[in-house]
Amino acid sequence: MIQLEKKQVKIISILIAVLFIGSVVAIALTQSGTGVASAAGGNVGVIDYRQVMSQHPDLNNVEQQMQTAIADVKREFEEKSAGMNDQEKADYYQQSQLRLQQKQQELVAPIEQSIQDAIKKVADNKGLQVVVEKTAVIYGGQDISQDVINRLGKK
């Protein structure tokens, strides 16, 4: 019975880590489509949002904070779920997942905002009216990914 519980905790830990990584990628992909309707008649910039996010100077700090939060939740889950039945453990696990998601959103929001600010500044400097996600563009557009990365590095 104890081995089964340890195995469950390992599985939960892996699932939490996968959830975090997947969420960061999903957030990066969903935050890139603003302002597409005004593309007519103006210069268009393109950006590889995933590349910019992955090279953000604060990302390592956020990942470390999330790893700490995951370890804390894992430890808390092990301690508090010891006397719980399966349903109580499942409910407590869901609550723990929600807390981790909220923590992740709290930590990633300033990074996303700084990326949006850097994109706006680079676009303004280059006279671009629209910036879209690079994967949505078949042909054309001025890639500003490295310019945004450079601006983020100068904070």
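The values are calculated or read from the model by the stated rules, or taken from the named source; none is laboratory data. Owing to the predicted nature of the structure, the values given are computational and were not obtained by experimental measurement. For neighbour counting, all protein chains shown are included, and Cβ atoms are generated from backbone atoms with ideal geometry for every residue, glycine included. Calculation scope for accessible area: heavy atoms of the full protein, side chains included, ligands and nucleic acids excluded. Shrake-Rupley method; radii C 1.70, N 1.55, O 1.52, S 1.80 Å.
Cα centroid separation, segment 117-138 to segment 54-74: 28 Å.
Over segment 99-140, with every protein chain in place, what whole percent of the accessible area is carbon and sulfur at 1.4 Å, could you tell me?
In segment 99-140, the share of accessible area belonging to carbon and sulfur is 50 percent.
For segment 65-155, the list of chymotrypsin sites (Phe, Trp or Tyr not before Pro) that fall in a loop by DSSP and count at most 11 other C-beta atoms within 10 angstrom reads 139. Think of segment 49-126 as a dipole: +1 on every Lys or Arg Cβ, -1 on every Asp or Glu Cβ, centred on the Cα centre; then among 96, 64, 110, 110 lies furthest on the positive end. Between amide H atoms placed 1.01 Å from N, distances below 5 Å from residue 143 occur with 46, all of them 5 or more places distant or on a separate chain.
Treating only the Cβ atoms of Lys and Arg (+1) and Asp and Glu (-1) as charged, compute the dipole magnitude of segment 98-152 about its Cα centre; round to the nearest 20 debye.
Rounded to the nearest 20 debye, it is 100 debye.
Across segment 104-110, coupling constants 3J(HN,Hα) worked out from phi with the 6.51/-1.76/1.60 Karplus curve, θ = phi - 60°, read 4, 4, 4, 7, 7, 3, x Hz, and Gly and Pro carry x. Do any of 103/134; 103/126; 103/154; 89/134 go past 31 Å between their Cα atoms, and which? Violating the 31 Å limit, Cα to Cα: 103/126; 89/134.
Computed from backbone phi, the HN-Hα couplings of segment 64-77 come to 5, 5, 5, 4, 5, 4, 5, 5, 5, 5, 4, 4, 5, 4 Hz, rounded to whole numbers (Karplus: 6.51 cos²θ - 1.76 cosθ + 1.60, θ = phi - 60°; Gly and Pro given as x).
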